[in-house]
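Data first, discussion second: the structure below is written as structure tokens.
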Amino acid sequence: MNAVTQKEKLTAKDFATDQEVRWCPGCGDYAILKAMQKAMADMGQSTEDNVFVSGIGCAARFPYYMATYGFHTIHGRAPAFATGIKLANPDLNVWVVGGDGDMLSIGANHLMHVLRRNVDLQVLLFNNEIYGLTKGQYSPTSREGTKSPSTPLGSVDRPIDACTYALGAGATFIARGIDSQQKHLPGIFQAASEHKGASFVEVLQNCIVYNDGVFNEFTDRDVAADRQVHVEAGKPLIYGADGNKGIRLNLKTLSLEEVVVGENGVTEADLLVHDPSNHTLAGMLAAMNGRDLPVALGVLYCSREDTYEAAVHDQINAAKSSAKITNFNDLLRTGHTWVAGG
Ligand SMILES: Cc1ncc(C[n+]2csc(CCOP(=O)(O)OP(=O)(O)O)c2C)c(N)n1
Ligand code: SF4
């Protein structure tokens, strides 16, 4: 009889390393790390089945603190390394971690391709709307008017929305969370991990040193309930301190609008029901930024498509099975070869 070794279920602490965590005290990255270690334990994951790959930045220190495999690679190029890792070892659960500067500036091109190819991995973008590690320059997600060492008069660029970018690039899973929401974040990581294909997760992360409080307009305790909507498949888009605010589609303008259930004849039946497979709705939800409309949190989009590594391996296997050349010796003696003689 074969001996079957039962894998011991690990706790969140088992996913922590002995490395000193070198983020500034109060940085939102700590909370994200904690949520990830909990998610790993909740999923019953093992340390050896996971790999974290990062580029450069404060966020990119993440792999040092996860007791899994890890690569701290080069600025913006983590998606390329991760693609190689997944192709070589499709059984690994591959995570990519980076900041908004890393992934939406120098790495935007690499991010786009990993998403459109639908490589089965999880991209986690920690968005603090600033470059942290390089001391606070504005980034592609910084709001107009952001004053920074590189924009002392205030930035004039229009910022990019990370989830909208991911949707446009063809991501098959898009979610958004907030660093401080420990109740929701592990579930989002778990859903991303369970999705077959490229999962994109934006985590709104507070950089306490260079961009403190940038999300306060929808994260402050007194406004959060009215400025955040947690979306769930099959559930109406309802929120608010009194639980009576909702999102409705205005058919005349083809845009979303905030309504109050019980006012002006609005009933719950008028509200949109979340369908994560609806690409158009996902685009509208991603664009809500907590100002005119609440910020949308949770799984915004999810669709099942073939994955890149599966297609590549299918192609290799098909080529192998019909190949006339089956060993290296024959390969060397095929085509334009000649014998050198004296
Ligand atoms: C090729 C290259 N260009 C620039 C840098 C400098 N650099 C280091 S980290 C970083 C960006 C960090 O910002 P972000 O990705 O937003 O992450 P955060 O530090 O905020 O987590 C930059 C530009 C670099 N290391 N390599
Ligand atoms: S600079 Fe900002 S993002 Fe970087 S560790 Fe400090 S608080 Fe965190």
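The values are calculated or read from the model by the stated rules, or taken from the named source; none is laboratory data. Computed from a prediction, not measured in an experiment: that's the story for all the values here. Quick reminder, even Gly has a Cβ in these numbers, built from the backbone with ideal geometry, and neighbours come from all protein chains shown. Heads up: the accessible areas ignore ligands, DNA and RNA and are worked out on the full protein's heavy atoms, side chains in. Shrake-Rupley method; radii C 1.70, N 1.55, O 1.52, S 1.80 Å.
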Expressed as a whole number of Å, what is the distance separating the alpha-carbon centroids of region 195-246 and region 308-342? 53
Can you tell me the length gained on complete extension of the stretch D157 to V339, counting 0.36 nm per residue apart and subtracting the Cα distance? 59.2 nm
Max mean-square fluctuation residue, GNM over the chain, Cα-Cα springs under 10 Å, options I208, I188, I178: I208
Given a Förster distance of 35 angstrom, what is the FRET efficiency for V223 paired with F71, based on the Cβ-Cβ distance and rounded to 0.05? 0.35
Within the chain, what whole-number % of the accessible surface is contributed by carbon and sulfur, with the 1.4 Å probe and all protein chains included in the calculation? 53
Can you figure out the FRET efficiency of R116 with E20, using R₀ = 45 Å and their beta-carbon distance, to the nearest 0.05? 0.75
Members of K38/K183; K13/K183; K34/K183; K9/K38; K196/K320; K13/K135 lying beyond 19 Å, as alpha-carbon distances in this model show: K196/K320; K13/K135
Each label sits 7 Å from Cα toward the beta-carbon; between A310 and N327 the label points are separated, in nm, by 3.5
Give the accessible surface of the chain per residue, rounded to a whole number of Å², with probe radius 1.4 Å and ligands, DNA and RNA excluded. 52
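Given +1 on the Cβ of Lys and Arg, -1 on the Cβ of Asp and Glu, and no further charges, what dipole in debye does the chain carry about its Cα centre, rounded to the nearest 20?
860
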Given the Cα-Cα distance of A269 and L251 and 0.36 nm per residue of separation, how much length would full extension add, in nm? 5.0 nm
So if I take the centroid of the Cα atoms in region 1-77 and the same for region 273-287, what is the distance between those two points in Å? 30
For K147, counting only aspartates and glutamates whose alpha-carbon sits under 15 Å away and dropping same-chain residues fewer than eight positions off, the answer is E129, D157, D212
Just for the chain, what percent of DSSP beta bridges are antiparallel, to the closest 5? 35
